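S.K.: One structure follows; several queries about it will come next.
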Amino acid sequence: MDLKEFLKTNKLKEGQTITFDYCGNSIEGIIIPSKTDLNLKLNSGYNAGFKLNKIKNIKIMSENKNVGKAKTIQITKNPKLPTVTILHTGGTIASRIDYTTGGVYANFDTQDILTMFPELAKIANIESVFVSNMMSEDMSIDDFKKIAIVVSEQIKKETKGIIIGHGTDTLGYSAAALSFQLENCPIPILFVGSQRSSDRGSSDAGMNLICATEFVSKTNFKGIAVCMHNSTNDDDCAILIPTKVKKMHTSRRDAFKPINETPIALVNPKTKEIKWIKEKKEFEKTSGEFKLLNKFEKKVGLIKMHPLITEKEIEFYKKEKYLGLIIEGTGLGHTPIRENDSFIKTIKELIDSGCVVGMTSQCINGRVHPNVYTNLRKLSSIGVIYCEDMLSETALIKLSWLLGNYSKNETKEMLSKNLRGEITNFTKINTFEY
Ligand code: GLU
């Protein structure tokens, strides 16, 4: 049953407050627009998606009398300002509830955005493009490709820059995926999310969007980055390298931190000052023609090592004919050895079956090192590729992208080479500072 049918059968409408049982939990929230799963604005203010076949005992708690948009304000274009395009993919940043009317809307047209964030019109002429309305946990390779195609079309239209509104859960994966797909990107493209939706007093949506629009409008940055709160207060937003960013907190507004890296720049939403932390010139140049390389290999996995891991779990990837696997090892990049090297032998069999195996660390900070301990040397001698200080999430996306666009030998060669800032020469700072 699809969502439309599900709503019809259960006499449900967007804007209604409902309760239901879901995998043993009682859920309450307001139905917000979505395409596949049932999406609710929960009482906590968060949005969440629910699989239709697991929803039981639905009760309608209150009808929404006035579903609809808030009154829009009309803003005319200013010929002196640059044009900035906002793409909508979904997530908390894309939805809003008007608590005075109880109305829920997420139409994503330009007037909606300017009604919610009128300050943007003083910085740039905003255009908006709908890509999707989904929770980011549902994003997959096909969505990565779709975003890259829409972005390429917009680049041809000569927009000053692009802001991509995205759910925060998998924002780092999508930002890394776009960064690999667009070679020599000629304009600034910033991913922006929000941890708290725009109808809440503590929302970060407005400030993140304002800082992103400032940065896109006022700099000659070329490439992909992430723009999110830099701290728990409203002092500034950080512009972050997409292949080096990780969501480090479930709910804090400054959840996104650069790992083994510094931010590129900080943007002050009040003074409008842009403070460069990394060398500005490095981010204003490209090394050739803009190219879209948007193929990915789907049979690529990511597995974490831990004391309970078994050979059987590794064998799965061989049985299922996976072409790539990132092992998130312990410490410097360890897996167990087990009796008679049985664990190492299982990994070797996987590699011999044609799978490219990369190694990252679950330590988050620091880098993997194949030459320190005996079992590490054993792993590297059977062909495990050590991915330096690359994040596991980035390594997964990179391996999938490499296998989609290059031969197996080229993939093995390029996995441990820096292409988009994902590998640094040395570990710069310890960024884990909560
Ligand atoms: N989990 C959802 C997502 O990532 C909503 C939360 C958010 O946007 O941050 O899309």
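S.K.: Modelled label-to-label distance, T424 and N365, 7 Å Cα→beta-carbon offset: nm?
M.R.: Between T424 and N365, the label points sit 1.1 nm apart.
S.K.: Past 29 Å, Cα to Cα, is the threshold; run K378/K417; K291/K378; K51/K222; K304/K348; K146/K398; K13/K298 against it and keep the listed order.
M.R.: K291/K378; K51/K222; K13/K298
S.K.: What is the antiparallel percent of DSSP beta bridges lying wholly in the chain, to the nearest 5?
M.R.: For the chain, the DSSP antiparallel bridge percentage is about 55.
S.K.: Among the listed pairs K35/K56; K145/K218; K257/K345, which are separated by more than 30 Å between their Cα atoms?
M.R.: K257/K345
S.K.: For Q111 paired with K295, estimate the spin-label separation in nm (one decimal), with each label point 7 Å from Cα along the Cα-to-Cβ line.
M.R.: Placing both labels 7 Å beyond Cα along the Cβ direction yields 4.5 nm.
S.K.: Another one. Helix-only mean residue ellipticity at 222 nm, the chain, DSSP H runs n ≥ 4 weighted -39,500 (n - 2.57), per residue, nearest 500. What is it?
M.R.: -7500 deg cm²/dmol
S.K.: If r is the Cβ-Cβ distance from E284 to T36 and R0 is 41 Å, what FRET efficiency results, to the nearest 0.05? Intermediate values should be presented prior to the final figure.
M.R.: Working: r = 40 Å, r/R0 = 0.98.
Plugging the Cβ-Cβ distance into 1/(1 + (r/R0)^6) gives 0.55.
S.K.: Under the rule of at least 5 residues apart or a separate chain, name every residue whose amide H is placed under 5 Å from the amide H of V129.
M.R.: I86, L87, H88
S.K.: Is any helix in the chain, taking whole DSSP H runs, at least 27 angstrom long along its axis by alpha carbon and on average at least -1.0 on the Kyte-Doolittle scale, and which ones?
M.R.: none
S.K.: For the chain, give the magnitude of the charge dipole about the Cα centre (Cβ charges: +1 Lys/Arg, -1 Asp/Glu; no others), in debye to the nearest 20.
M.R.: 360
S.K.: Here's a follow-up. Full extension from E158 to I60: what is 0.36 nm times the residue separation minus their Cα-Cα distance, to one decimal in nm?
M.R.: 30.5 nm
S.K.: Go through 299-310, 146-157, 248-259, 167-178 and give me the packing order, highest mean Cβ count within 10 Å leading.
M.R.: Going from most to least packed, we get 167-178, 248-259, 146-157, 299-310.
S.K.: Taking H as built 1.01 Å from N, whose amide H comes closer than 5 Å to the amide H of F191, not counting residues under 5 places away?
M.R.: I164, A225, V226, C227
S.K.: Using the structure shown, select from K275/K412; K246/K285; K244/K272 the pairs with a Cα to Cα distance greater than 30 angstrom.
M.R.: Too far apart for the 30 Å limit: K275/K412.
S.K.: List the equivalent ellipsoid semi-axes of the chain in whole Å, largest first, each obtained as the square root of 5λ for an eigenvalue λ of the Cα gyration tensor.
M.R.: The answer is 38, 28, 19 Å, longest axis first.
S.K.: To the nearest 0.05, how large is the calculated FRET efficiency for T83 and W276 if R₀ is 22 Å and r is the Cβ-Cβ distance?
M.R.: 0.35
S.K.: Take Y373 and L3, extend 7 Å from each Cα along the Cα→Cβ direction, and tell me the distance between the two endpoints in nm.
M.R.: About 4.6 nm separates the two model spin labels.
S.K.: Also, I was wondering about something else. Search the structure for amide H atoms under 5 Å from the amide H of T83, placed 1.01 Å from N in the peptide plane, and list their residues when 5 or more places away or on another chain.
M.R.: The list, which skips near neighbours in sequence, is N125, K160.
Every number here is computed from the coordinates shown, using simple stated rules; none is lab data. Note that the structure is predicted; figures quoted are calculated from it, not measured. Cβ coordinates were reconstructed from backbone atoms using ideal geometry, including for glycine residues, and neighbour counts include every protein chain displayed.
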